[in-house]
Amino acid sequence: VSGMLGGREAIGTPNIDWQEAALGIGKNRRKTIGFGTYDKRSRNYSDLEIYIRELSIIEAGIGCAVWDAAIILSRWIFQHRQEFAGQYVLELGSGVGLPGLTVAYFAEKVVLTDYIPQLLDNLQYNVNLNRTVNEGEGGYMKQTKDIGENIVVSYLNWDEIDTPLEERERYDEIEQADVIIGSELTYSPKSVYTLVKVVEKYLKPGGVFYEVLSDDRDGVGLFVEVITAARWEVHAEPVSAELLGDFKTKQRPETYKFYTMRRRADA
């Protein structure tokens, strides 16, 4: 996939119909992810709706669309929304931004990050898309909070984590967060050590990193081993059935775990 760097290529990623992807260049899709009860008459969800524009994978890489793990993470965030009150949340590898857009309704500040220009432009588009309140569109939370006031889109290339600032083409200042979130960030063993460096740089001591990962991804075991060796407290559990479903993403069925990784306070 064009633009995938430093081992973050699609190793163990979902099956892709490349013919469909090629024909989809320039054709954007809008998707609605809802929370609460769906009303067939109004075609709205009772609690919250997040609107997403998806791109072609040829144009924007693996981050072009909503994948199952992102929906699972977003559902978990909605269920545990009270945990994010007053928190500064950083999303890594945002892609189209579903989890970050969801948590923005509950957190004090959210930063969405990626590094491919098309994804960054689309992230800002999706932020703006969810700022708009139209009559009969969206759940109750859409009328009570403009997430555009507390959400920022920033460039973050993990492969530049050790590169001096003066040698980078672009650098966005990002403060350490209270919480980091991400889905399917561990593509392969090549990305493990870089990802650990990233979370250690951008998460406050005592902060927590939440991630949803498929058991099928290469590098998951190594990632847990490395971050545990760095004295992080790691807890993994199977994703509960209530967070699963037929998400109509055309992704093959997989088994997921939810990881809670807490950085030691004296780091």
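The values are calculated or read from the model by the stated rules, or taken from the named source; none is laboratory data. Fair warning: this is a prediction, and the values are worked out from it, not measured in the lab. Cβ placement follows ideal geometry from the backbone for every residue including glycine, while neighbour counts extend to all protein chains displayed. Remember, those area values only see protein heavy atoms, side chains included, never the ligands or the DNA or RNA. Shrake-Rupley method; radii C 1.70, N 1.55, O 1.52, S 1.80 Å.
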note = Highest mean packing first, using Cβ neighbours within 10 angstrom, the peptides 164-173, 256-265 sort as 256-265, 164-173
note = Label model pair Glu225, Lys40: point-to-point distance (7 angstrom along the Cα→beta-carbon line) in nm is 5.2
ask   = Using the alpha-carbon centroid of each, what span in Å lies between the stretch 142-190 and the stretch 48-127?
value = 11
ask   = Given the protein chains as shown and a 1.4 Å probe, how many square angstrom of Lys31 are accessible, to the nearest 10?
value = 40
inquiry  = Which of rounded, prolate or oblate describes the stretch 40-113 when judged by the alpha-carbon gyration tensor and an a/c cut-off of 1.5?
reply    = oblate
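So, counting K/R as plus one and D/E as minus one, what does the shell of residues with Cβ under 14 Å around Glu167 add up to? If you can, show how the numbers build up before the last one.
On the way: positive: Arg168, Arg170; negative: Asp159, Glu160, Asp162, Glu166, Glu169.
Once positives and negatives cancel, what remains is -3.
Once the piece of chain linking Asp215 and Leu244 is laid out straight, how much longer is it, given 0.36 nm per residue of separation minus the C-alpha distance between them?
On the way: separation 29, 0.36 × 29 = 10.44 nm, distance 1.49 nm.
Result for the pair: 9.0 nm of gain on full extension.
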message = Ranking request for peptides 105-114, 34-43, 215-224, 191-200: highest mean number of other beta-carbon atoms within 10 Å first, then the rest in descending order.
response = 105-114, 191-200, 215-224, 34-43
note = Taking the dipole of the stretch 200-244 about the Cα centre (Lys, Arg +1; Asp, Glu -1; charges at Cβ), the one of Tyr202, Phe223, Leu213 that reaches farthest to the positive side is Tyr202
inquiry  = Greater than 24 Å separation of Cα atoms is the criterion. Which listed pairs, Lys109/Lys257; Lys31/Lys201; Lys145/Lys197; Lys31/Lys145; Lys40/Lys109; Lys109/Lys145, meet it?
reply    = Lys109/Lys257; Lys31/Lys201; Lys145/Lys197; Lys40/Lys109
query = Say R0 is 25 Å: what FRET efficiency, to the nearest 0.05, do Thr260 and Glu108 get from their beta-carbon distance?
reply = 0.75
Carbon/sulfur fraction of accessible area - the stretch 139-211, other protein chains in place, 1.4 Å, % = 46
